[in-house]
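Right, one structure below, let's go through it.
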Amino acid sequence: MVGYVIGADVGGTKTASCAVTRSGEVLERVTEPTPKTSGAAVVDVLLRQSADLAESLGAPPCALGISATGAIDQSTGVIVAGSETIPGWVGLDLTAALRPTGIEHIAVDNDLNAYAIGEHWLGAARAPGPVLVVAVGTGVGAALLLDGQPYRGAHNMAGEIAHIPVAEATGFICPCGRPGHVEAVASGPGVAVTYAAATGGAQPVTGKQVVELMNRGDPVARACVQRAGRALGSALTCVATTIDPELVVIGGGFSAAGSVWFGSCVGVLREELLEPLAHLDVRLGTLGPDAPLLGAAKQAWSLVAE
């Protein structure tokens, strides 16, 4: 049996776990909806998925890596901050909760950090210098990689770019409750809100449906997608000017919006960045939803001696 680790990603809608070799090959995976009832229920899913993979593969994993939403103290595995969509999630000690797996080595990290590590390991973010990895989906987030490792900040809050004020979000309320933040108009739900506002709210839609309407020729949908791209570009201009990255990689579920969205984002960067940064390398991610799974697996492998 080839040695493997388990990489798991706790997302807003689904929780997935996969068995991954040291070279990054995915041997097997399991997925099920993320329960919204309690943090303990999410732990039960992770325990069950780990047991199912070990039984299927006929051997225990070498280590377990978890990618999870929220600000996480990686040294302890405790979720120190986050939304209250899952009762009992904030404050949960994931490392201790997963000890019943019997797995000695457990790594727990924020999903954006795991996403970035995955793209750096096997995707589009393979560069030695500072790399900014951005994910746009239900929310907007980022991770800054230094020598391939995420910079976490003094309070484990580095990368919270969702709350950068941008002109395109004037008049819209961020999920944090404050006005004018980029996430209010650049996330998938934010695009749905701007479309509803532009059309009088007659047609409730998701961000994905707005993109579908755009692809069918709806000019209002196109304007909302362009607005999302420009808003993201404005926020990234601030970040890039501050940290001077070698590379920016953009992914997440809403990156499926395609060239209209991506072109609007990059266009703002080209217009607003100072000359030394004006030709900054900006790429789309290549791993899609596997990025945080593979990043979690990579962190798990880092705990296992070669």
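The values are calculated or read from the model by the stated rules, or taken from the named source; none is laboratory data. Keep in mind the model is a prediction, meaning the values are calculated, not measured. Here the Cβ positions follow ideal geometry from the backbone for every residue, glycine too, while neighbour counts run over all protein chains shown.
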Extreme residue, surrounded by the most Cβ atoms within 10 Å (Cβ to Cβ), among residues of region 24-40 that are of a type in the set (Gly, Ala, Ser) and at pLDDT below 95: Gly39
Per-region count, region 1-28, residues within 21 Å of Asn110 (Cβ to Cβ) and either of a type in the set (Gly, Ala, Ser) or under 19 Å from the mean Cα position of the chain (by Cα) (or both): 14
Count of residues meeting criterion [assigned to a loop (DSSP other than H, G, I, E, B) and either out of contact with any strand residue (DSSP E or B) (no Cβ under 7 Å at 6 or more places or on another chain) or not aliphatic (A, V, I, L, M) (or both)] in region 39-85: 15
Residue count, region 1-60 (criterion: touching a Lys or Arg at 6+ places or on another chain (Cβ under 7 Å) and free of Cβ contacts under 8 Å to residues at least 12 places away in the same chain): 0
Residues satisfying the stated conditions in region 141-158, i.e. farther than 20 Å from Asp290 by Cβ and surrounded by 20 or more Cβ atoms within 10 Å (Cβ to Cβ): Leu144, Arg152, Asn156
Selection from region 86-100 of residues that are in contact (Cβ under 8 Å) with a residue 40 or more places away in the chain, in a helix (DSSP H, G or I) and hydrophobic (A, V, I, L, M, F, W, C): Leu94, Ala97
Members of region 201-244 found to be closer than 15 Å to Ala256 by Cα and among the acidic types (Asp, Glu), listed by number: Glu212
Filtered residue count, region 247-272, keeping only those that are at pLDDT 95 or above and assigned to a loop (DSSP other than H, G, I, E, B): 0
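Would you check if Ala167 is over 21 Å from the mean Cα position of the chain (by Cα) and at pLDDT 95 or above?
Working: over 21 Å from the mean Cα position of the chain (by Cα): yes; at pLDDT 95 or above: yes.
Criteria met by Ala167.
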Enumeration of residues in region 1-20 that are hydroxyl-bearing (Ser, Thr, Tyr), farther than 16 Å from Leu47 by Cβ and either surrounded by 15 or more Cβ atoms within 10 Å (Cβ to Cβ) or touching a helix residue (DSSP H, G or I) at 6+ places or on another chain (Cβ under 8 Å) (or both): Tyr4
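Could you say which residue among Ala71, Ala81, Ala107 is buried (at least 23 other Cβ atoms within 10 Å of the Cβ) and either touching a residue at least 60 places away in the same chain (Cβ under 8 Å) or touching an Asp or Glu at 6+ places or on another chain (Cβ under 9 Å) (or both)?
On the way: Ala71 fails: buried (at least 23 other Cβ atoms within 10 Å of the Cβ); Ala81 fails: buried (at least 23 other Cβ atoms within 10 Å of the Cβ).
From the options Ala71, Ala81, Ala107, the qualifying one is Ala107.
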Residues located in region 273-306, provided they are of a type in the set (D, E, K, R) and not in a helix (DSSP H, G or I): Asp281, Arg283, Glu306
